[in-house]
1. First select every other residue whose beta carbon is under 15 angstrom from the beta carbon of G202; then total the charges, Lys and Arg +1, Asp and Glu -1.
2. Express the relative contact order of the stretch 179-233 as a whole percentage, based on alpha carbon pairs under 8 Å and six or more residues apart in sequence.
3. Would any residue of the stretch 99-124 have its amide N under 15 Å from a label point 7 Å out along Cα→Cβ of A77? List them or say none.
4. For V44, list long-range residues whose amide hydrogen, built 1.01 Å from N in the peptide plane, is under 5 Å from its own amide hydrogen.
5. Hey, which lysines would be in cross-link range of K84, C-alpha to C-alpha under 22 Å, not counting anything within fewer than 8 residues on its own chain?
6. Just tell me which lysines come within less than 17 Å, Cα to Cα, of K176; anything on the same chain fewer than 8 places away is out.
7. Where a ≥ b ≥ c are the square roots of the eigenvalues of the C-alpha gyration tensor, would you call the stretch 125-209 rounded, which needs a/c under 1.5, or, failing that, prolate if a/b is larger than b/c, or oblate?
8. Can you tell me which of 127-139, 215-227 comes out highest on packing, and rank the rest after it, using the mean Cβ neighbours within 10 Å?
Amino acid sequence: MYHIKRLIISALLMLALTPVATAADFSAKEVVLEHIKDSHEWHVYGEGENSIVIPLPVIVKSSTGWHVFSSARFEEAAEGHAPKPYGLEIAAEGDHEGQIVENGEPVLDLSITKTVAVMFINAALLLFCILFSARWYKRHKVSDEAPGGFVGLIEMLVMYVVDDIIKPGVGKGYEKYTPYLLTCFFFIFTCNVMGLIPFPPGSGNVTGNIAVTFILALCTFVIVQFSGSKHYWKEIFWPDVPFLLKCPVPLMPLIEFVGIFTKPFALMIRLFANMMAGHAIAVAMPCIIFLVASMSVSVFYSMSAVSVIMAIFMMCLECLVCFIQAMVFTLLSSVFIGMARAVPEGHEH
C-alpha cells in the first residue's frame, strides 16, 4: 500500500508540473489502436521527430522476387528522403490498411513484425527460465531439500498446473499430455505478463492477437481429435438419443459435429477478447488526462487524478487476469482432451 501511495503521489506531481495542452490534436482511438495492433516497427517513446522507433526486418515476395530490408526505409520514403523500396509501401488506408502493398495490392509478407519479435523474445525468456530451473534438479537428488527462490516458484506453478488442472481434467493417462499443456500455460502466462511492461522487450500484445490464439486453439483441436476414442466418435455421429433425432434427419449428429469446432473457437475468442480488452482499457484510462486538457484547471487535475488511480487499478487487475487466462485456456484444453478420451462405465475393455 505504501508503494501504491508513492506511485499515485509521484504521478500527480508530474501532472502538476506538466503544462496544460489542448486536446485538439489528440486521438484516444489512435493511441489505443497503436498499442493493440501489429506493426512493422517497434515504437518505444515519443511522437514525431522526437520519437524513438526500432525498425524491424521486412521479408516480402513481390512481383520482382523476394526482398529483405529494414522497415526504416518505409519511413524514409514517406518523408521524401528516399524512393519506395522495390516499389512497396505500407497502405495508410483502405481495405489493406497497415499491410505492405505493391500498386495497391497486398504481397506475400513474412516479415518479423512487432508481435512476432515479442513472441520470439518471450519464447527465449521462457526457455531460459525452464532450463535454468531444470539445471537445479540435475545437480540435486530427490531426497534433497526443496528448492527456494525462483526455482521454488517454478516448481510450485508446475505442481499446481499438473495436480489441480491437468490431472483432474484429462484423467487417467494424463502424463502424455502434460508437456503440451504445461507449455500452453507457461507460454500464455509469459506473453501476458510481458505485455504489461510498457517498454521493450515487453509491450507486445501477443495473446491479444487473434492469429496467435488461433494457432494455440488449433493445436488443442488437433490433439483432441487424434486422442478421441471410438466412443467419442460414436457420440458424435450416432449419439444415444431417440431415433427420430438422428434419422432420417441427422439433427443431433449435425449439432454434435458442429460442437467439434465450437470448442476450439471458444478457446480462441476467450483468450483473444479478454487480453485485447484488458490492454485497451488499461491504455485508454491515461488518455482521459489529455482529453480533458483543454477544460478548466480544476476539471483537468481532478480527472487526471481519477485516471491515474483507475490506470493503476486496471494494471493490478491485469496482473491477475494474466494468470487466470493462462489457467482457463489450460483447464479447458485439459477438459476437452479428457472428454474425448472418456470411456463409459462398462466399456473399459
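Computed from the coordinates by the stated procedures, all read-outs in this text should not be read as laboratory data. Predicted model, so just to flag it, every value in this text is computed and none were measured. Ideal geometry is used to build each Cβ from the backbone, glycine not excepted, and the neighbour counts take in all protein chains shown.
1. 0
2. Values: 23 pairs, mean separation 11.3, N = 55.
Rounded, it is 21 percent for the stretch 179-233.
3. Zone members listed by number: 99-111.
4. Residues meeting the amide H criterion: I52, V53, I54.
5. K61, K114
6. K167
7. Oblate shape, in that a/c is at least 1.5 and b/c is the bigger or equal ratio.
8. Values: 127-139: 11.9, 215-227: 16.5.
Descending packing order for the listed peptides: 215-227, 127-139.
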